[in-house]
1. So how many residues does segment 171-194 have that are away from the ligand (no atom under 16 Å from the Cβ) and touching a Phe, Trp or Tyr at 6+ places or on another chain (Cβ under 9 Å)?
2. ASP234 is checked against (1) farther than 18 Å from LYS119 by Cα; (2) crowded, with 23+ Cβ neighbours inside 10 Å; (3) within 15 Å of the ligand (Cβ to nearest atom) and fails just one. What number does that condition carry?
3. Name, by its number, the condition in (1) in contact with a Leu (Cβ under 7 Å, 6 or more places away or on another chain); (2) under 16 Å from MET211 (Cβ atoms) that does not hold for LYS341.
4. I'd like to check something: does segment 279-302 contain any residue that is crowded, with 22+ Cβ neighbours inside 10 Å and either within 12 Å of the ligand (Cβ to nearest atom) or of a type in the set (S, T, N, Q) (or both)?
5. Would you mention how many residues in segment 235-259 are closer than 23 Å to PRO398 by Cβ and not charged (D, E, K, R)?
6. Tell me the residue from ALA141, ALA149 that is of a type in the set (A, V, I, L, M), within 15 Å of the ligand (Cβ to nearest atom), under 19 Å from ILE118 (Cα atoms) and assigned to a helix (DSSP H, G or I), please.
7. What number of residues within segment 351-381 are farther than 25 Å from LEU35 by Cβ and surrounded by fewer than 19 Cβ atoms within 10 Å (Cβ to Cβ)?
8. Is at least one residue of segment 84-96 farther than 16 Å from ALA310 by Cα, surrounded by 12 or more Cβ atoms within 10 Å (Cβ to Cβ) and more than 16 Å from the ligand (Cβ to nearest atom)?
Amino acid sequence: MSLVDRDLKIIWHPYTQMKTAQPPIPIVRGEGALLFDENGKSYIDAVSSWWVNIHGHAHPYIAQKVAEQLNKLEHVIFAGFTHEPAVELAERLLKIIPNNQAKVFYSDNGSTAVEVAIKMCLQYWHNQGIRRTKILAFKNAYHGDTFGAMAVSGRSAFTAAFDSLLFEVEFIDLPDAANIQSLKSQISDLKSDLACFIFEPLVQGAGGMIMYEAEYLDQLMAHCQAEDVLLIADEVFTGFGRTGKRFACECLTTQPDIMCFSKGLTGGTMAMGLTTCTQKIYDSFLSEDKLKTLFHGHSYTANPVACSAALASMDIFMQESTLQNIQRIADAHAKFALKIKDHPRIRTTRQTGTILAMEWETGSDTSYFNSLRDRLYQYFLDAGIILRPLGNILYILPPYCITDGQLDYIYSKIETALEEI
Ligand SMILES: Cc1ncc(COP(=O)(O)O)c(C=O)c1O
């Protein structure tokens, strides 16, 4: 039996309607921005494998560091024990994120990083005997698939089957010049109930690569801070260079109380999530009273191999050449966006750093279920490019090592798709 047949017999794939989906493509190896299937066909990974792979596949330096760690220590329970890679990673990360972040809590993925952040905020108030239990979030947000993360995400097709079970959240519009004052007064009206405000800084990823201005987010954050509403910056997607800066929060003057990371953290090598917080949040859990403990932990918390992958990824991330690559991709995207923006099939283009999104004209509203999605997906696969449109929103989000030739090839195939599809 072929690998695909064995897979189809027993495996249930994520975000996949198994009845109608095309069979999965068996990938046997990766190199740089390329993935290779069983038959040797190559695919440019233009979505960085769900936005995680920032330095290219099977990076030899990361592989070497992971192998070295595997030969020393593969895992140890993280309650009551510690190890060098976890401490070093926390030390180094805290040096490059907003300087009010003081403590690091490890978990397994982006959703768990968000769960931990929400729990930190809710229990921060609980531990002080103050009843603030509501959470503020943006409409159309996406923070993950576990129940807490779903609850603070916009209600959508993703959450529909569970909506009645999700805790109530106050959703507000993305801020702009026109609505900023009314958003501030909405927050002031709710302030005595609000525990925290969670947001994806600058770009709502899964919601359709929706981009908004740092200036108005900054104003909202400052207003929340003045009203004692804790701030959670979910940088699971935007972190590690995606937006052109090392972290999206570098575009803001107000500092968040809590930050969530995953995806690019290990360069796409190992599953890992991480939540950081200020000393103030951490201190609210310190007590002789054991009930004030943060009762949260996963079996693989701070896995040493994942930490060493993250450390190796950070070594590469901090090299000047990586920032130059990010700028190179941003410049190439900008040039291409300018070239196609007036094409009759393009409704709008938008770009933040290495993220370029193009909304296609379909004659109907923008939707995740637009049938154009499947045609575009297949068209690019046939051309040896992995692009996964969100409905009629096509986006490019490559590993930073992608070559100019590979980028040009993607752009040229998008131009032919604009004519042929
Ligand atoms: C902003 C944001 N937060 C959280 C998550 C959830 O991360 P994970 O898929 O690793 O659970 C995602 C995933 O796309 C995300 O984009």
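The values are calculated or read from the model by the stated rules, or taken from the named source; none is laboratory data. Being a predicted model, the structure only gives us computed values, none of them experimental. Cβ: placed from backbone, ideal geometry, glycine included. Neighbour counts: every protein chain shown.
1. 9
2. For ASP234, the failing item is (1).
3. Looking at each condition in turn, LYS341 falls short on (1).
4. No.
5. The total comes to 12.
6. Of the residues listed, the single one that is of a type in the set (A, V, I, L, M), within 15 Å of the ligand (Cβ to nearest atom), under 19 Å from ILE118 (Cα atoms) and assigned to a helix (DSSP H, G or I) is ALA149.
7. Within segment 351-381, residues that are farther than 25 Å from LEU35 by Cβ and surrounded by fewer than 19 Cβ atoms within 10 Å (Cβ to Cβ) number 9.
8. Checking segment 84-96: not a single residue is farther than 16 Å from ALA310 by Cα, surrounded by 12 or more Cβ atoms within 10 Å (Cβ to Cβ) and more than 16 Å from the ligand (Cβ to nearest atom).
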